[in-house]
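Below is one structure, written out as structure tokens; comments come after it.
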Amino acid sequence: MKPSELRETMPALESSVYCNWGAGGPSPRRVVDAAESALEYHEYEAPAAEGVYPAAFDAYDDARTAVADLLGAAPSEIALTQSTTDGINRVAGAFDWTEGDVVVRTDLEHSAGILPWQRLEREFGVDVRVLETESGRLDLEAVKAAADDARLFCVSSLTWTHGTRFPIADIVDVAHDAGAQVLVDAVQSPGQVPVDVGEWGADFVAGAGHKWLLAPFGAGFLYVRDGLEADLVPAAIGYRSVADANASDYQYAAGARRFEVGTTSPAPHAGLSEAIGVLEAVGIETIQRRIERLTDRLKDGVPDERLLSPRGYESGLVTIADDEPTATVERLADRGIVVRSLPFPDAIRASIHAFNSSEDVDTLLEAL
């Protein structure tokens, strides 16, 4: 399937120049149809057939397998969550924190990678070290300095403010050498670039399907490296967390499933499974190459003094300095162009997917 063919099945693109995939990716019809079909089957047919719980479990299993294949993991290493924030919180809640424990994050994390650690700082006296960046770049020497006595690193694979790629494998090596574990906020990566968690070597990877993967809201996922879960006790427990919910002495389920809790709708994750299948039919490498061409076209039209993202390709996120970003976003919206403002720096961010067109990019540049 060609990107242009899939674009034709996305109703949201019929009425807009949509350049905000890094916030939320409109779904193709077949993804929404898959979610609706899963819900209808679950409510109309499953009750009198195999039952609503087995039907939901089948959808969960399909989603774990699809996510595992996408990330280069095993299905047993995947827990299903509601969002990236949800996944990060599940990891944060599974450690036995004590006063003085050290968590390291960068100054470019999304609130999903900031608020959980602020809470630990407030509630448990955890020491949160913030790595400063420059133009979306991270100095590995600073990483090494911050790693001393650290217990956990939280870093993004792609910065949501600049679209730069952090050297995750190198950060993991430094952290592991210091005895720390690494949690990656990867929500900006799957769906626009190939991801192999084995190459990263990270201990935890949190993500969700509602951005570049084109899945519905509510379809999050969490990778937990095999064997690591044995030393962690999640803050919440339910029948999906354990091997036997009716045992007098519960035992956690094997693998990442101990991070799951209880009843959730199968619909969002059925949509995620379909979305992953659709993107794999297009080809992640094909998607990445097209994003590169389109973002190059956009950057070619932005002066150096305004372009805050790298001139060379790193992702589909393109950040453009603007003195009045909120007003600019509103002005563009009046012309049917969807971008977003950033809380920092003073800028707007256009995020370009393979399902944009050259005409979309030219329209945005003309409006700017």
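Remarks
- Shape category assigned to region 34-136 from the gyration tensor of Cα positions, a/c cut at 1.5: prolate
- Springs between Cα atoms under 10 Å define the GNM used for the chain, and in it the highest mean-square fluctuation of 353, 210, 176 occurs at 176.
- Each helix, a run of at least 4 DSSP H residues, gives -39500 (n - 2.57); summed and divided by the residues of the chain, these come to -10500 deg cm²/dmol at 222 nm.
- In region 1-134, the portion of solvent-accessible area held by carbon and sulfur atoms comes to 47 percent [1.4 Å probe, whole percent, DNA, RNA and ligands not counted].
- FRET E, pair residue 50, residue 239, Förster distance 22 Å, beta-carbon r, rounded to 0.05: 0.80
- Distance between modelled label sites at residue 321 and residue 115, nm, 7 Å Cα→Cβ extension: 3.1
- Choice from 230, 219, 63 with maximal GNM fluctuation in the chain (Cα, 10 Å cutoff): 230
- Excluding ligands, DNA and RNA, the accessible surface per residue across region 117-191 is 42 Å² with a 1.4 Å probe.
- Cα-based shape type of region 96-240, given that a ≥ b ≥ c are square roots of the gyration tensor eigenvalues and the cut on a/c is 1.5: rounded
- When the chain is treated as a GNM with alpha-carbon contacts under 10 Å, the residue of 59, 180, 145 showing the greatest mean-square fluctuation is 145.
- Residues in region 213-363 average 43 Å² of solvent-accessible surface per residue, probe 1.4 Å, ligands and nucleic acids excluded.
- Sum of side-chain charges, residue 331 neighbourhood, beta-carbon under 14 Å (Lys, Arg +1; Asp, Glu -1): -4
- Amide H partners (placed H, <5 Å) of residue 337, local residues excluded: 17
- DSSP-defined beta bridges in the chain - what % are antiparallel, rounded to 5: 50
- Modelled label reach - residue 286, point 7 Å along Cα→Cβ, region 45-73 residues with backbone N closer than 16 Å: none
- Each residue of region 339-356 was assigned a 3J(HN,Hα) from its phi angle through the Karplus expression (A = 6.51, B = -1.76, C = 1.60, θ = phi - 60°), giving 9, 9, 8, 10, x, 7, x, 5, 6, 9, 10, 9, 10, 10, 9, 5, 9, 7 Hz with x at Gly and Pro.
- Of the accessible area of region 136-194, computed with a 1.4 Å probe over protein heavy atoms only, carbon and sulfur atoms account for 44 percent.
- Approximate spin-label separation residue 335-residue 359, in nm, with each point projected 7 Å along Cα-to-Cβ: 1.6
- Sequentially through region 105-118, phi angles give Karplus couplings (6.51, -1.76, 1.60; θ = phi - 60°) of 9, 9, 7, 10, 6, 5, 4, 4, x, 10, 4, x, 7, 4 Hz, Gly and Pro residues having no value and appearing as x.
- Computed over region 117-234: relative contact order in percent, which uses C-alpha pairs under 8 Å that are six or more apart: 18
- Computed from phi, the 3J(HN,Hα) profile of region 259-273 under the Karplus parametrisation 6.51, -1.76, 1.60 (θ = phi - 60°) reads 8, 8, 10, x, 5, 9, 5, x, 4, x, 6, 5, x, 4, 4 Hz, with x in place of Gly and Pro.
- Between residue 144 and residue 40, the contour length at 0.36 nm per residue exceeds the Cα-Cα span by 32.2 nm.
- Annotation: for a label point projected 7 angstrom from Cα along Cα→Cβ of residue 4, residues of region 271-308 with backbone N closer than 18 Å are 282-283, 286-295, 297.
- Among the GluC sites (Glu not before Pro) in region 281-324, those placed in a DSSP loop whose Cβ has at most 11 other Cβ atoms within 10 Å are 305.
- Accessible-area composition of region 294-364, carbon plus sulfur, in percent [1.4 Å probe]: 45
- Overall form of the chain per C-alpha gyration tensor (a/c, 1.5; a/b vs b/c): oblate
The values are calculated or read from the model by the stated rules, or taken from the named source; none is laboratory data. From a predicted model like this one, the values you see are computed outputs, not experimental measurements. Please note: Cβ atoms are built from the backbone with ideal geometry, for glycine as well, and neighbour counts cover all protein chains shown. Keep in mind that these areas ignore ligands, DNA and RNA; they rest on the heavy atoms of the full protein, side chains included. Shrake-Rupley method; radii C 1.70, N 1.55, O 1.52, S 1.80 Å.
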